[in-house]
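The values are calculated or read from the model by the stated rules, or taken from the named source; none is laboratory data. It should be emphasised that the depicted structure is a prediction, and the values quoted were computed from it without experimental measurement. Counting neighbours? That spans all protein chains shown, and the Cβs are built from the backbone with ideal geometry, glycine included.
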Amino acid sequence: MRSIRSCVSVLAFSLLTVMLSSCANRYDSSGPYYPADDQPGSHREAERQPAPPPPNYAERLPQHIATRDKAVLVDPNVHAWGAYRDGELIKAGLATAGSNWCPDLGRPCHTHAGTYRVNSLGSPNCKSSMFPIPKGGAPMPYCMFFNRNQALHGSGEREVIEGNISHGCVRMHVSDAEWLRYNFVNVGTKVIVKPY
């Protein structure tokens with residue numbers, strides 16, 4: 001009887017050891033413990049991470065340009081605009097310029113490179129007279145026309161991206177367009193569009 005109890009004890013001890021060792025392998029004590037749906041790379045793990053800082057568009061542009069005039073510089077290569085006073089950069093933001101190809105027009109839609117002057121200022125209710133084809137009506141809040149039908153203007157968040165997808169206008173966040181329109185740009189303000 002003692003030998004059976006000894007065998008059972010040894011067997012129970014062995015079984016317990018195996019169970020505990022399997023737990024140790026499952027929950028590695030050398031690193032942090034994560035519940036199954038909280039593993040590194042999971043949606044919960046991502047929720048714990050702080051959001052990355054927003055891009056610094058001023059770092060993408062020259063800090064000084066050779067001009068004594070107020071100027072708005074647009075660089076389609078780095079997807080940024082900058083406001084310059086006396087040649088010094090004072091504010092910058094995300095800019096979405098004209099696309100390499102516009103299927104509805106059947107041609108490229110680049111924002112034309114060059115130096116221009118703002119010739120018309122619009123309100124928060126500014127709308128396109130051309131797009132969408134055929135009757136227009138696309139919102140262009142705080143539009144500032146500088147080259148025929150090309151303008152600086154605000155657009156919705158999904159339409160202002162790190163890419164060139166417009167019909168030729170320079171899209172920016174609505175708050176940036178509002179700031180430019182009411183705090184910086186006048187009729188006659190210089191607009192410099194760098195080549196692609």
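Listing for the model above:
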{"item": "Condition broken by residue 133, with the remaining ones in (1) among the hydrophobic types (A, V, I, L, M, F, W, C); (2) in a loop (DSSP other than H, G, I, E, B); (3) in contact with a helix residue (DSSP H, G or I) (Cβ under 7 Å, 6 or more places away or on another chain) satisfied", "result": "(3)"}
{"item": "Residue count for segment 57-97, restricted to those that are among the β-branched types (Val, Ile, Thr), out of contact with any Leu (no Cβ under 7 Å at 6 or more places or on another chain) and surrounded by 21 or more Cβ atoms within 10 Å (Cβ to Cβ)", "result": "2"}
{"item": "Residue in segment 173-181 that is over 21 Å from residue 55 (Cα atoms), surrounded by fewer than 14 Cβ atoms within 10 Å (Cβ to Cβ) and over 18 Å from the mean Cα position of the chain (by Cα) present", "result": "no"}
{"item": "Single residue of segment 112-143 satisfying the filter (among the aliphatic types (A, V, I, L, M) and within 20 Å of residue 191 (Cβ to Cβ)) that is surrounded by the most Cβ atoms within 10 Å (Cβ to Cβ)", "result": "140"}
{"item": "Within segment 58-71, considering residues that are over 15 Å from residue 162 (Cα atoms) and part of a loop (DSSP other than H, G, I, E, B), the one farthest from the chain's Cα centre (by Cα)", "result": "68"}
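Here is a yes/no grid of residues against (1) assigned to a loop (DSSP other than H, G, I, E, B); (2) closer than 17 Å to residue 184 by Cβ; (3) modelled with pLDDT of 50 or more:
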| site | (1), (2), (3) |
| --- | --- |
| 16 | no, no, no |
| 30 | yes, no, no |
| 50 | yes, no, yes |
| 73 | no, yes, yes |
| 78 | yes, no, yes |
| 82 | no, yes, yes |
